[in-house]
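Quick note: the coordinates plus some simple rules give every number you see, no bench work behind them. Worth saying up front: this structure is predicted, and the values here are computed from it rather than measured. Here the Cβ positions follow ideal geometry from the backbone for every residue, glycine too, while neighbour counts run over all protein chains shown.
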Amino acid sequence: MEVPILKQGLYLIASIQAALSDVDLVHLRDALAEKVGKFRARGVIVDVTVLDVMDSFASRTLRDLAHMTRLRGAETVIVGIQPEVAFAMVQLGLTLEGVDTALDLEEGLAFLDKKTKRRTSRG
Amino acid sequence: MGDQKTKKNENRGSGASPAREVPPDDESTVSLLRELVNHLRKNRTQLREEWARRITAAKLLGAMTSEEIFAEATSVYDNYVEVLETGAVEALQAYARDLSERIIPRGVETDEVVGIVLLLRDVLARSLFAKYQTDFQLLNRILDAYEPAANRIANTVAVGFVQERERIIRQQQEAIRELSTPVLQVRERLLILPIIGVIDSQRARQLTEQLLRGIRTNRAKVVVIDITGVAAMDATVANHLVQTVEASRLLGATVIVTGLSPEIAQTLVTIGVDLGKMNTVGDLQGGIEEAERLLGYKVTPFSEVSTQPI
Amino acid sequence: MASEAIILINSDIDVVAARQKGRELATMLGFVSTDSTLLATAISELARNIVRYAKHGEISIMPVQSGDRVGITVVARDKGPGIANMSLAMQDGFSTSGGLGLGLPGVKRLMDEFHLVSDVNTGTTVTIKKWKR
């Protein structure tokens, strides 16, 4: 199943609509990485509000995604992790270390604004 | 001889008291049961009164009024006789749980419930003695049919009561735990979770769940967890604390831990926590100031009254 | 009461199916949402291990009862290579996903009961249980 990816200014927003198989998740990762390069995006938001389970594979794939997009010059932030999903994740030891997270889309955008502004002012 | 129809209606899977294999009924047992049930139904009024009288004499159900006792007695009597006849243990279990749910809040204790059921058994047994006393052999056969059935009923009701009681206690404990761990919103986007007293694994987990829900509901960006009031923490609970910090981050919130005693700091280090990575401040006030700083509030010295967002 | 569900695990699609089945049963039995998620997550990890290491296996999910307590038992079985070093597999470094990358210590933390049997000749069986609160 394809996850729709929207472009909003310099950001890409991927809103997951339903449970994803491993293959779908990998596709999403690669699609986002590709689009970051294509559109020279500065930020990526992945909205996982709908996901009711985040296991080790999902965790690893999202970390890979953050890594890949960073290499292409974009920051990735994961938003919408549900309280119980977060709870289950940390019990399993999945902390998404190295990946930025925010509460929801609104917070994610605010986060990216702050982060990319910082970079521009330095550059 | 032997047991009655109970075997057909027994349902082991519903967690009834350990059931034993019962030999199939023979016709005479069935007809005996029917006969004694008829007798118990015909004499319902006086037997029920006798029972109620004995309950009061034994000073049972003191927490209930006589109207209440009468109402419950009537339904218990009818159900008792019904189960004698049908052997429908599952229906009895459901009734027992239902009854327990009603009377436990009224303060009825286990020994009282067991007591009144046994009294009923005895009242009915005496009545059977009286009726069949002239024919000793028949009386024996009647009792052979009655006793196992009556004992099974007593057992079922007692077990049902105890299980219901345990369930209620568990529920209450859970509710108490929830009440005693308030998550406070003191400012926009800032939550404080003061932890006081002894925490065990269960409570720690409940704390975490409440906090995470609170972060989402209040859209908190900073959480101050104050453990000044926590005396000691073992490795398991320390782990929970770390997990709480990590889970909060996944929801986009930063956690500041305040009130870390040297002992607890030691426990954290022992389980491998890098205290350098955990955001800790000495006391709660300091933690709140740090939180406000993170949130972009202009921080003024404590002596001044208000702090304003920039 | 609902009966046992057996999900054959052969690919990652089955991982999703298995955990959804687990969640379904938990919801039906009245588990609180948080515990449903914990159960589904644990199933996901176990199923994933099967796919990754044994290629094929099965997950059975069934309701259990003890007195008036209700729970769910999950058994993850495979005839794969087995775990050579059990103690290493259960080693719990809390901040990592746990010994040998199998996530088993984590799964143990998520559940109320956990039992592991593994042999290089016969495969691996993980049994976990979660009780309703």
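Things worth noting here:
- FRET efficiency for C:SER3 and A:HIS67, using Cβ-Cβ distance with R0 set to 30 Å, rounded to 0.05: 0.10
- Dipole of chain C, positive direction: furthest Cα of C:ILE59, C:PRO81, C:THR124, with charges on the beta-carbon: C:ILE59
- Debye equation applied to the C-alpha atoms of chain A, log10 I(q)/I(0) at 0.11, 0.22 Å⁻¹: -0.33, -1.36
- Helices in chain A, meaning DSSP H runs of at least 4 residues, each add -39500 (n - 2.57). Divided by all residues, the mean residue ellipticity at 222 nm is -16500 deg cm²/dmol.
- On Cα atoms only, tilt of C:12-28 relative to the major axis of chain C in degrees: 30
- Look at the alpha carbon pairs under 8 Å that are at least 6 residues apart: their mean separation over the length of the stretch C:45-92 gives a relative contact order of 35 percent.
- Within chain B, the longest run free of GluC sites (Glu not before Pro) that sit in a DSSP loop with at most 10 other Cβ atoms within 10 Å is B:22-303.
- Only Cα sites of the stretch C:1-51 enter the Debye sum here, all with the same form factor; the resulting log10 I(q)/I(0) across q = 0.28, 0.30 1/Å is -1.03, -1.11, listed in q order.
- Only helices enter the 222 nm calculation for chain B: every DSSP H run of n ≥ 4 contributes -39,500 (n - 2.57), and dividing by all residues gives -21000 deg cm²/dmol, rounded to 500.
- Debye-formula intensities of chain B, expressed as log10 I(q)/I(0) at q = 0.07, 0.09 Å⁻¹, are -0.52, -0.65 (one equal scatterer per alpha-carbon, no solvent).
- For the protein assembly as shown, taking Cα atoms only, Rg and Dmax work out to 31.2, 111 Å respectively.
- Peptides A:19-28, B:272-281 ranked from most to least packed, by the mean per-residue count of other Cβ atoms within 10 Å: A:19-28, B:272-281.
- When the alpha carbon gyration tensor of the stretch B:77-177 is reduced to an equivalent ellipsoid, the three semi-axes, largest first, read 33, 13, 9 Å.
- Loop trypsin sites (Lys or Arg not before Pro), the stretch A:1-100 (other Cβ atoms within 10 Å of the site Cβ: 14 or fewer; DSSP): A:ARG40
- Note on B:GLU263 and B:GLN137: their simple-model spin labels are 7.9 nm apart, each label 7 Å out from Cα toward Cβ.
- Residue among C:VAL117, C:VAL16, C:VAL107 with the largest mean-square fluctuation in a Gaussian network model of chain C, springs linking Cα atoms under 10 Å: C:VAL117
- Taken about its Cα centre, the protein assembly as shown carries a charge dipole of about 1520 debye when Lys and Arg each add +1 at the Cβ and Asp and Glu each add -1 at the Cβ.
- Over chain C, relative contact order from alpha-carbon pairs under 8 Å, at least 6 apart, %: 25
- Ratio of Rg to Rh for the stretch A:40-110: 0.96 [Cα atoms; Kirkwood radius as inverse mean 1/r over pairs].
- The three principal axes of the C-alpha atoms in the stretch C:17-88 carry coordinate ranges of 38, 25, 19 Å, sorted with the longest axis first.
- In the protein assembly as shown, a dipole from Cβ-located charges (positive for Lys and Arg, negative for Asp and Glu) runs towards its positive end, and of B:ILE169, A:PHE87, B:ALA145 it is A:PHE87 whose Cα lies farthest in that direction.
- Computed P(r) (all Cα pairs; chain C; 5 Å bins; percent): 2, 12, 22, 24, 20, 13, 6, 2
- Inter-label distance, C:ILE13 to A:LEU6: 3.0 nm, where each label sits 7 Å from its Cα along the C-beta direction.
- Cα convex hull, the stretch B:16-153: 109 Å³ per residue, rounded to a whole number.
- Put a dot 7 Å past the Cα of A:GLN17, heading toward its Cβ, do the same for B:LEU294, and the two dots end up 3.7 nm apart.
- A Stokes-Einstein calculation at 20 °C with viscosity 1.002 mPa s, built on the Kirkwood radius of the stretch A:8-68 over Cα pairs, returns a diffusion coefficient of 180 µm²/s.
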